[in-house]
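The structure under discussion appears below in the form of structure tokens.
Throughout, read-outs are computed from the coordinates displayed, never taken from laboratory work. Everything numeric here is computed off the predicted structure, so don't read it as measured data. As a convention, Cβ positions derive from the backbone with ideal geometry for all residues, glycine included, and neighbour counts pool all protein chains shown.
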Amino acid sequence: MDQPSEQSFKINGGAQMSGISSSQGHIYVNNSISNDLLDLPNNYKGIVPKVHQSSVFDYSVYESLIDTIPEAPDYDTVLSNINLKGSDKKSVRIGGNIFINTVSLQSNTTLNLEIGSGVSNLIVNTLDLSNGHIIIQGNGVLNLYVKDSFEIGSSSTINSDGSVETMNLSYYGSSDFAISGGQKIKGSVYVKQASVKFTAGGGLHGGYLATNSNSVSFSGGTFSEMIMIAPKADVSVTGGAEINGVMLAKTYDGGGGTSIQFQNLSVITFPFGNTSDTDLIIKSPTSEIK
């Protein structure tokens with residue numbers, strides 16, 4: 001995937017900015033978007049990003065990309081539920097397609113998932129990380145599918161010390177996908193339908209956030225190294241939130257001293273479905289909206 005020069009946003013609708021402290025980067029839109037894309041208040045004193053129109057910006061590519069992300073695969077092995085409490089630590093070998101109905105970590109417990117060198121799929125109905133850590137061991141890839149319920153609390157983490165390419169999490173439930181505080185997921189995340197909420201700096205580090213949701217919000221804290229592809233979402237950034245990365249959304253609403261900074265991320269292959277030869281990010285604009 002080619003990274004553009006200082007590109008922060010791709011937007012298919014409009015953007016409102018009311019007190020954003022800075023926005024280092026450019027906004028890319030297709031040629032059909034009008035010149036009044038930015039809705040700025042009369043007393044706005046922040047940095048106004050440059051807006052570019054591009055004839056090669058086909059937004060349907062991104063909608064199709066999200067719509068064709070597959071469901072969780074079938075499984076051939078069923079393991080017993082995992083419920084860790086107290087000072088429990090547990091290691092489980094994950095190979096092939098494994099199903100566990102419930103994985104629950106409480107009281108700062110640790111679950112080691114040993115994946116080896118290949119691609120492993122772990123399918124669960126419920127993932128409850130009220131207070132615990134999932135560590136991925138091996139140099140392969142773990143695809144973690146959560147079909148119904150995802151909860152994360154305290155300072156829980158998933159793959160916090162691993163590489164970004166090691167873990168991909170797909171969530172298909174309807175309750176909010178919410179992360180806050182010291183909670184950390186290192187890898188890429190796909191949210192099929194639920195609203196996505198990041199607060200107080202908790203969130204995704206280093207990978208893609210791909211979602212079919214119509215709502216994504218960031219409030220407070222710093223969110224780093226994220227490539228967000230949310231072509232149907234209204235994105236809200238409030239409470240002094242700072243985002244470093246690249247964002248693609250339907251609309252953007254920012255205020256309250258927020259900061260959006262372009263970050264030249266490492267090349268990471270899109271891990272959900274097949275992108276064919278499509279460049280997910282446009283490399284250069286064709287014209288600039290003054």
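Each 5 Å bin from 0 upward holds the following percent of the Cα-Cα pairs of the stretch 109-179: 4, 16, 27, 27, 18, 7, 1.
If the limit is 22 Å between Cα atoms, which of Lys186/Lys250; Lys85/Lys184; Lys50/Lys250; Lys197/Lys232 go over it?
Values: Lys186/Lys250 25 Å; Lys85/Lys184 20 Å; Lys50/Lys250 18 Å; Lys197/Lys232 15 Å.
Exceeds cut-off: Lys186/Lys250.
Other residues lying with their Cβ under 13 Å from the Cβ of Ile123 contribute a combined charge of -3, Lys and Arg counting +1, Asp and Glu -1.
Could you give the length gained by full extension between Asp176 and Glu71, i.e. 0.36 nm per residue of separation minus their alpha carbon distance, to one decimal place?
Residue separation times 0.36 nm, minus the Cα-Cα distance, leaves 35.9 nm.
Remark: spin-label model distance Gln261-Asn81 equals 4.5 nm, labels positioned 7 Å along the Cα→Cβ axis.
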